[in-house]
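All remarks here apply to the structure that follows.
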Amino acid sequence: MTTTAVPADELPLRERKKLRTRRALVDAALELFTERGFEATTLDDLCAAVEVSKRTFFRNFGSKEDVALTPAQDMWATFLDELERCEPGAGRPVIALAQDCLLVAVARMTDDGWARQVRLGERLAARIPSVGAYGLHFCERTTREALAILRRRFDLGGADDLRARLVLDMLIAAWHAALESWTSMPGEPGAADLAECLREAFAAIPGCLTLTAAPKDGPGAP
């Protein structure tokens, strides 16, 4: 998985060709997985649809699961890039910094069809165990990479200080809650709709820390 902050039209010709091939593979994969089924679509089918070799496929992706979740993975790679470059500001909470970086990453996903591809990938992850497991592994790896960036760039206490890790865990939880809300929207919600769902999820975080468990009244109550 690779992404770049350089606009595609400013890349050297060879890099632009590689990027077009990569995008074509993602496009074809998600369409074939959706139409024929994930298991029923072979690598031969996918490579034939784009007229590339398996060697070319494996220069870009590690597996069918990898290519299925690439659109969301590209967004998280952009999030890590933002985390590397952001300035914390005096007294700014780390969670606010991380939230802003994630919103910027979503805003940078300007390719046509990105939002639809993310939805298709999420549906595959919900139905196909291997895709779901790959997504969980990627999520944990990204969390570790983000934590390493934060600890390298900022003074966040010692290695045994759990707060930075918990900040990222809350960020990921908010992402999944926003993603669920977004994918259940009617029609074809776009990246702006996803950003709004994220803001709503972020806004709920302080309240969830003080949510109390009051007994229920009515039928079934003790």
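The values are calculated or read from the model by the stated rules, or taken from the named source; none is laboratory data. Quantities reported herein were computed from a predicted structural model and do not represent experimental measurements. Because the Cβ atoms are built from the backbone with ideal geometry, glycine has one as well, and the counts that use them run over all protein chains shown.
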Looking at Leu150, is it more than 17 Å from Gln99 (Cα to Cα) and either touching a residue at least 40 places away in the same chain (Cβ under 8 Å) or surrounded by fewer than 17 Cβ atoms within 10 Å (Cβ to Cβ) (or both)? no
Is it the case that some residue within segment 122-137 is within 22 Å of Arg199 (Cα to Cα), touching a Phe, Trp or Tyr at 6+ places or on another chain (Cβ under 8 Å) and either surrounded by 12 or more Cβ atoms within 10 Å (Cβ to Cβ) or in contact (Cβ under 8 Å) with a residue 24 or more places away in the chain (or both)? no
Members of segment 63-95 found to be of a type in the set (Gly, Ala, Ser) and at pLDDT 95 or above, listed by number: Ser63, Ala68, Ala72, Ala77
Answer with yes or no whether Ala115 is touching a Pro at 6+ places or on another chain (Cβ under 8 Å) and either polar (S, T, N, Q) or crowded, with 17+ Cβ neighbours inside 10 Å (or both). yes
Only residues that are over 19 Å from Gln73 (Cα atoms), surrounded by fewer than 13 Cβ atoms within 10 Å (Cβ to Cβ) and in contact with a helix residue (DSSP H, G or I) (Cβ under 9 Å, 6 or more places away or on another chain): list them for segment 175-195, please. Glu188
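Quick grid of which residues meet (1) of a type in the set (A, V, I, L, M); (2) surrounded by 11 or more Cβ atoms within 10 Å (Cβ to Cβ); (3) modelled with pLDDT under 95; (4) over 21 Å from the mean Cα position of the chain (by Cα):
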site: Ala8; (1), (2), (3), (4): yes, yes, yes, no
site: Pro12; (1), (2), (3), (4): no, no, yes, yes
site: Glu15; (1), (2), (3), (4): no, yes, yes, yes
site: Arg23; (1), (2), (3), (4): no, yes, yes, no
site: Glu31; (1), (2), (3), (4): no, yes, no, no
site: Glu35; (1), (2), (3), (4): no, no, no, yes
site: Phe38; (1), (2), (3), (4): no, yes, no, no
site: Leu43; (1), (2), (3), (4): yes, yes, no, yes
site: Ala48; (1), (2), (3), (4): yes, yes, no, yes
Among the candidates Leu156, Leu80, residue that is surrounded by fewer than 20 Cβ atoms within 10 Å (Cβ to Cβ), more than 30 Å from Lys64 (Cβ to Cβ) and either free of Cβ contacts under 8 Å to residues at least 60 places away in the same chain or out of contact with any Pro (no Cβ under 9 Å at 6 or more places or on another chain) (or both): Leu156
Take segment 103-124 and flag every residue that is among the hydrophobic types (A, V, I, L, M, F, W, C) and under 12 Å from Ala191 (Cα atoms). Leu103, Val104, Ala105, Val106, Ala107, Met109, Trp114, Ala115, Val118
Pairs, please: C-beta under 7 Å, at least 6 apart or cross-chain, first residue farther than 13 Å from Ala177 by Cβ and in segment 197-219, second exposed (fewer than 10 other Cβ atoms within 10 Å of the Cβ)? Pro215/Ala221
Do we have any residue at all in segment 59-69 that's surrounded by 14 or more Cβ atoms within 10 Å (Cβ to Cβ) and closer than 22 Å to Ala174 by Cβ? yes
